[in-house]
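Below: one structure, written as structure tokens.
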Amino acid sequence: MTVVAERELHLLTRSEQVEHLRRKIASVSGKVGPAHRGAPRSTAVISPPESLLSPSETLVDALPEGLPTMLPRGSVAVAVGARSLSLGMVAAVTAGGGHAVIIGQPDVGLLAAVEMGADLSRLAVIPDPGADPVEVASVLMDGMDLVVLGLGGRSVPPSRARVMVARARQKGCTLLVTDGDWQGASARLEARVSGYEVVGAGQDIPMPGRGRISRVRLAMRARGRGVGSGRAAGG
């Protein structure tokens, strides 16, 4: 999947968009790990949930400080606040060999994701999913490890939210909801930027107004089932 290709989705009819996404997912589904495919009900009940977030030691230094250490596969979480939180999760998933999609965030900063270690070859971006982004997210759950869904202030009826929660669990795909609320979400994450680490421009000690931001520090509050606490933010 390429970002450019997905930008053309708005030129298609709704049925053409869904069919286009199904074809894309068919080409991706064979690449994802067995943990992503829906497990038998008996196995899912007795096995502990696998965490979606397992960044390598080399990646940890590039990710936002304060990123959750665990988020169960197949869960639905609501993220509020700094977008570095969702971008950090995208980076952790794609750098680890998983596939992710960002839906309904036309101003998403892919450069920031790359600087956190994201693999863009494993990331799809659908900035304009049309009038029903939830439908698009439902289709993409078939082949993704992480779906970041921007609701744009839309409300989702409780009955439909429950269907999506069940589908996420069945497919082993984690749904991260932004720009809106979601009834039945198993976790709620609230993040704000608490500081930055700056690399000086050729100097040992960074000077005000000079240098480059090398890492974002997040202050995060997490509530819900199976969510590991974030790494402690520095001073």
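Any read-out appearing in this document is the output of simple, stated calculations on the displayed coordinates, not a laboratory observation. As the structure is a prediction and not an experimental result, all values here were calculated from the model. For neighbour counting, all protein chains shown are included, and Cβ atoms are generated from backbone atoms with ideal geometry for every residue, glycine included.
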Karplus-derived 3J(HN,Hα) from phi for region 152-161 (6.51 cos²θ - 1.76 cosθ + 1.60, θ = phi - 60°), whole Hz, x at Gly and Pro, runs x, x, 5, 9, 10, x, x, 5, 6, 4
In whole Hz, the Karplus estimates of ³J(HN,Hα) for region 173-188 (6.51, -1.76, 1.60; θ = phi - 60°; x where Gly or Pro) are 10, 7, 9, 10, 9, 10, 6, x, 10, 8, 5, x, 5, 7, 8, 10
In nm², the average projected area of the convex hull spanned by the Cα atoms of region 142-196 is 4.8 nm²
Summed over the other residues with a beta carbon less than 12 angstrom from that of Gly152, with K and R at +1 and D and E at -1, the charge totals -3
A correct Karplus calculation of ³J(HN,Hα) over region 95-110, with 6.51 cos²θ - 1.76 cosθ + 1.60, θ = phi - 60°, whole Hz and x for Gly and Pro, returns 5, x, x, x, 10, 9, 9, 10, 10, x, 10, x, 9, 4, x, 5
Residues whose built amide H sits under 5 Å from the amide H of His99, excluding neighbours closer than 5 in sequence, are Asp145, Leu146
